[in-house]
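**Student:** Pasting a structure below so you can have a look.
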Amino acid sequence: MRRTRVHGWSTECARKSSASTRCWKIICDLRLPKLQRRAVEVNELLDQKLAFMESIFGQAGVALGTSFDPSLETVSADPEQLWQAILNLIRNGIDATPAGGEIIVSTSRAGREAHISVADTGGGMTAEQLEKLYIPFFSTKPTGTGLGLALVQQIMIEHGGRVECESAPGKGSAFTLFLPLAAKS
């Protein structure tokens, strides 16, 4: 009887491993659409897109704060892909933040880089969770797919940028996208 259980267990593990491998191959074969770069005014993009999210913040009981650097120059980016990355961070923040909390979207610059930050007042993450953040299929949410942050990272890489996260349990999380500013003409 015990042998049957072990055999059944190993057969189930092999089946799941095979399915996982197939899923991973499908995801690796998926590619983001070719970048349609143009000069993007990040503050303007955020103003426009965030205006359409007011009801989502309202339903979640989460306040939206913004702080945009008025001197921020344009970036050369695909505005839809850039917004997709920002939107993924905002959605994660809304999911992590209890009613009465806040999400702050801000922009700044340092040297020839634009910084776009999405910070929440949610529960934060442990060091162990931070290490796994960008691994496909890892999620801190019970119903999460674990693909959102991997997609954010891929979008940033394709734009010549990067994403970083600061977080601590009980202190919320802050994700920052770093993008090169557009070349001066």
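**Student:** What ranking, highest mean first, results for peptides 51-57, 83-89 when packing means the other Cβ atoms within 10 Å averaged over each residue? Please report the intermediate quantities before stating the final value.
**Tutor:** Values: 51-57: 11.6, 83-89: 20.4.
Per-residue Cβ counts within 10 Å, averaged per peptide and sorted highest first, yield 83-89, 51-57.
**Student:** So how much slack lies between A110 and K171, counting 0.36 nm per residue of separation and subtracting their Cα-Cα distance, in nm?
**Tutor:** Full extension from A110 to K171 adds 19.5 nm.
**Student:** For region 69-75, just list the computed ³J(HN,Hα) in residue order, Karplus coefficients 6.51, -1.76 and 1.60, θ = phi - 60°, integers in Hz, with x standing in for Gly and Pro.
**Tutor:** 6, x, 8, 5, 7, 6, 10
**Student:** So, in nm, how far is label L181 from label Q36 when the simple model puts each one 7 Å beyond its Cα toward the Cβ?
**Tutor:** 2.7 nm
**Student:** At a 10 angstrom cut-off on C-beta neighbours, averaged per residue, how do the peptides 66-75, 175-184 rank from highest to lowest?
**Tutor:** Listed from highest to lowest mean packing, they are 175-184, 66-75.
**Student:** What is the gain in length, in nm to one decimal, between R162 and T66 on full extension, counting 0.36 nm per residue of separation less the C-alpha to C-alpha distance?
**Tutor:** Contour length minus the Cα-Cα distance gives 32.4 nm.
Every number here is computed from the coordinates shown, using simple stated rules; none is lab data. Nothing here was measured: the structure is a model prediction, and the numbers come from that model. When we count neighbours, we look across all protein chains shown, and the Cβ atoms used for this are built from the backbone with ideal geometry, even at glycine.
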